[in-house]
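The values are calculated or read from the model by the stated rules, or taken from the named source; none is laboratory data. Since we're looking at a predicted model, the values are computed, not measured. Positions of Cβ are generated from backbone atoms using ideal geometry, with glycine treated the same way; all protein chains shown enter the neighbour counts. Note: accessible area is taken over every heavy atom of the protein model, side chains too, but ligands, DNA and RNA are not part of it. Shrake-Rupley method; radii C 1.70, N 1.55, O 1.52, S 1.80 Å.
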Amino acid sequence: MKISEFSPSHLNEDDVSKLLYEGIEDNQQKGDLIFVPGSSKAAEFRLPEAIRLYQEGRAKKLLLSGGVKWPGNEMTEAEMLMKKAILYGIPANDLFIENKSLHTKENVLASMLVMDRMCGLENISNIIVVTAPFHMRRLHLTLLTYMPNWINYSLVCSNDGSTGKEQWKQHPYGRKRAFDEAGKIIDYVKKGILIDQEM
C-alpha cells in the first residue's frame, strides 16, 4: 500500500506504526556528516545523540539546521545547537550551521548549499540523520525527494521520551504527535511535496 492510499481521517494504530516507524533503523554506516534539524527540544534530545555519534567516530562533521527563534531566545535553532555542541567539547571547525530554514523541507533545501560548500554534494555518499522518532519518516522522505539520488542515509532516532517506536501508543502526547504526523505525511504526499512510497 502506498502512502497516498492511506486516509488521514481513518488512521488506526497499525497504519501510524507503518507510516512512521516501519523500516526506520540505523544501518551503522559511517557518514560524511551528521545532519541535525532544529526544534524547540533539539538541544535536549537530538544534539546529545549526534554528539555520541561524532565521538564514536561515525562522522567528522556536524551540520546543524534551523532558523526558527523560539520564544525567549534571541538565537536561531542552529545557533543554539552550535553553542551547546561547543560546550560539549566539539571543535568549532567541525560544526556547520544553516540558520534560514523554518520547517523540514527548508531544513533540507537550505542545508544542500551548506553541504555543497562544506565538501561538494558530489563527494557526499552517506549522511547520518538524527531527529525525533516521530519526525524521521518525514525528514527521510524529504531528503529522498530533494537531495541527489546517489546519497544514502543512516537513520538515527533520538530518544525524546514519548514518540519512540515502543513508546508512542502508551503516551498521550506521543499518540497525538504520531497521529498528527502520519496525517501530515499523507497530505504532503498527496500534494506532491513528498515522494510517494510503498509502505
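Points to keep in mind about this one:
- Met1 vs. criteria of a type in the set (A, V, I, L, M) and open to solvent by less than 50 Å² (accessible area, probe 1.4 Å): no
- Failed condition for Gly161, given (1) in contact with an Asp or Glu (Cβ under 7 Å, 6 or more places away or on another chain); (2) at positive phi: (1)
- Taking the criterion of being among the polar types (S, T, N, Q), at pLDDT 95 or above and open to solvent by 30 Å² or more (accessible area, probe 1.4 Å), the residues of region 51-106 that qualify are Gln55, Asn93, Asn99.
- Residue check for Ser154: in contact with a Ser or Thr (Cβ under 6 Å, 6 or more places away or on another chain), small (Gly, Ala, Ser) and within 28 Å of Arg177 (Cβ to Cβ): no
- If you go through region 125-152 and keep only what is farther than 18 Å from Tyr188 by Cα and buried (at least 20 other Cβ atoms within 10 Å of the Cβ), you end up with Ile127, Ile128, Val129, Val130, Thr131, Ala132, Pro133.
- Looking across region 1-42, the residues that are assigned to a helix (DSSP H, G or I) and under 16 Å from the mean Cα position of the chain (by Cα) come down to Leu19, Leu20, Ala42.
- Set Glu181, Glu198, Glu166: member being open to solvent by less than 10 Å² (accessible area, probe 1.4 Å) and charged (D, E, K, R): Glu181
- Residue check for Ser111: polar (S, T, N, Q), more than 19 Å from Glu25 (Cβ to Cβ), without any contact (Cβ under 8 Å) to a residue 24 or more places away in the chain and buried (at least 19 other Cβ atoms within 10 Å of the Cβ): no
- Counting residues in region 54-65 that are out of contact with any strand residue (DSSP E or B) (no Cβ under 9 Å at 6 or more places or on another chain) and touching a residue at least 12 places away in the same chain (Cβ under 8 Å) gives one or more.
- Of the residues making up region 14-40, those that are under 14 Å from Ala182 (Cα atoms) and either surrounded by 14 or more Cβ atoms within 10 Å (Cβ to Cβ) or hydroxyl-bearing (Ser, Thr, Tyr) (or both) are Asp15, Val16, Ser17, Lys18, Leu19, Leu20, Tyr21.
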